[in-house]
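Since the structure comes first, as structure tokens, the remarks are kept for the end.
The values are calculated or read from the model by the stated rules, or taken from the named source; none is laboratory data. These numbers come from a predicted model, not from an experiment. Because the Cβ atoms are built from the backbone with ideal geometry, glycine has one as well, and the counts that use them run over all protein chains shown.
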Amino acid sequence: MSGSGMRRREALLALSLGFAVGLAGFGAARAEAGKTAKLPPGSDNLANLATRLEKAPRRRDFQTVPMILDRKDLWDYEALEATLAYRGNQKQIWNNADLGGPWLDLMRDALDVQVLSWRHPNFLAVSATHGSAHLALLDQAVWDKYKLAKIAANPKDPPASPALFAERKAAIQALQKRGAVFLACHDTIWELAGRLIADGVNPDKLSPEALSAELTNHLLPGVVLTPGIVGTLPEFQLAGFYYVQ
């Protein structure tokens with residue numbers, strides 16, 4: 001991690017689980033808890049899923065990828081199937097498309113209420129991440145190389161600050177420790193590659209296929225790549241996941 005990335009991460013870790021409205025003291029306490037969070041007692045199904053996801057391969061050595069993924073080896077098929085097959089009764093999938101929105105706070109709140117209030121230790125929260133929110137799933141190397149702090153995947157969005165990226169990443173890591181699963185969208189990656197090429201932010205002069213591959217190779221650890229979120233959401237609804245728009 002670069003020095004600038006480390007400073008952003010350290011400065012914002014205390015706020016990573018705080019409310020977006022700026023309750024910094026409360027957020028720092030929640031962030032500190034998140035750094036050591038464990039799966040709750042009685043969460044056997046969630047623990048089994050975590051084990052399966054840890055063992056499931058993630059291919060991150062692509063040289064090129066096509067616009068449409070038509071073979072299972074082009075996405076994280078085993079990890080995606082394990083998530084779809086989750087046996088817990090309480091399972092929720094969130095349609096998260098706005099980087100600057102409260103999606104991570106809401107997922108955290110759902111976990112708190114389901115696990116601590118309703119006593120459902122096997123509650124599973126899944127983020128169907130696309131749009132500008134998808135930028136939070138990319139690592140520091142591509143933030144720096146492609147100046148992602150200056151853009152958003154949706155051209156209508158305002159510029160995204162480095163601080164917002166760092167905050168979102170810390171929150172994602174804390175939620176992953178609690179069993180949450182974050183799905184990545186190949187379609188969004190392809191669109192982002194096209195945006196970078198059109199904006200002239202392409203130092204290696206890569207093709208859309210090669211630039212999409214590089215972005216895919218820099219997804220955060222634990223993230224599950226799908227062939228496309230919009231087309232994958234129906235699979236989760238058929239599998240009994242409660243859908244949150």
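When the stretch 63-88 is filtered for residues that are crowded, with 16+ Cβ neighbours inside 10 Å and within 24 Å of residue 192 (Cα to Cα), the ones remaining, listed by number, are 65, 69, 74, 75, 76, 77, 79, 80. Residue pairs whose Cβ atoms lie under 7 Å apart, separated by 6 or more positions or on different chains, with the first residue in the stretch 63-87 and closer than 15 Å to residue 183 by Cβ and in a helix (DSSP H, G or I) and the second at pLDDT 95 or above and acidic (Asp, Glu), are 84/235. Residues in the stretch 101-125 that are part of a loop (DSSP other than H, G, I, E, B), closer than 26 Å to residue 167 by Cα and in contact with a Lys or Arg (Cβ under 9 Å, 6 or more places away or on another chain): 123 alone.
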